[in-house]
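What follows is one structure encoded as structure tokens, with my remarks underneath.
Please treat every number below as a calculation from the coordinates, not as lab data. Everything numeric in this text was worked out from a predicted model, so none of it was measured. We place every Cβ from the backbone using ideal geometry, glycine too, and count neighbours over all the protein chains shown.
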Amino acid sequence: MLNHCHDKELANVDLMMVGQCVDKIGEGKTPEDLGLERKDFVLVTTKSVRAGEELLTQYQTDIENTDCLLKLWLQYGIPPP
């Protein structure tokens, strides 16, 4: 289970599309290098997580950012305004 956290400092995971992961890895990499398809989603830890620790993410709310709006819609079912 993935829970929302209002405190950005406490958030320990980020749910992203594979394309975003590839972008973070760098040029010359493809989703296939990761054994995934570009449309897949990946849950990525942003800091160390101990066994049994609650997984927390933070909603992004920058309504001027198209990527942010897409992420809110795809990940959380919050449609763009």
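For the range 2-76, what proportion of DSSP beta bridges, expressed in % and rounded to the nearest 5, is antiparallel? If I count the DSSP bridges inside the range 2-76, around 60 percent turn out antiparallel.
Counting Lys and Arg as +1 and Asp and Glu as -1, what is the net charge of the other residues whose Cβ lies under 13 Å from the Cβ of Arg38? Walk me through the numbers before you get to the answer.
Working: positive: Lys29, Lys39; negative: Asp23, Glu32, Asp33, Glu37, Asp40.
Residues near Arg38 contribute -3 overall.
Given 0.36 nm per residue, what is the gain on full extension from Ile78 to Arg50 after removing their alpha carbon distance, in nm?
7.1 nm
Count Lys and Arg as plus one, Asp and Glu as minus one, and take only other residues whose Cβ is under 15 Å from that of Val49; the net charge is then -2.
Take the alpha carbon gyration tensor of the range 2-76, find the square roots of its eigenvalues, order them as a ≥ b ≥ c, and report rounded if a/c is under 1.5; if not, report prolate when a/b exceeds b/c, else oblate. Present the calculation step by step, with values, prior to reporting the outcome.
Values: a/c = 2.11, a/b = 1.25, b/c = 1.69.
It is oblate, given that a/c is not under 1.5 and a/b is not larger than b/c.
Counting only Cβ charges, +1 for Lys and Arg and -1 for Asp and Glu, the dipole size of the chain around its Cα centre is about 120 debye. The slack between Asp23 and Glu64, meaning 0.36 nm per residue of separation minus the straight C-alpha distance, is 12.7 nm.
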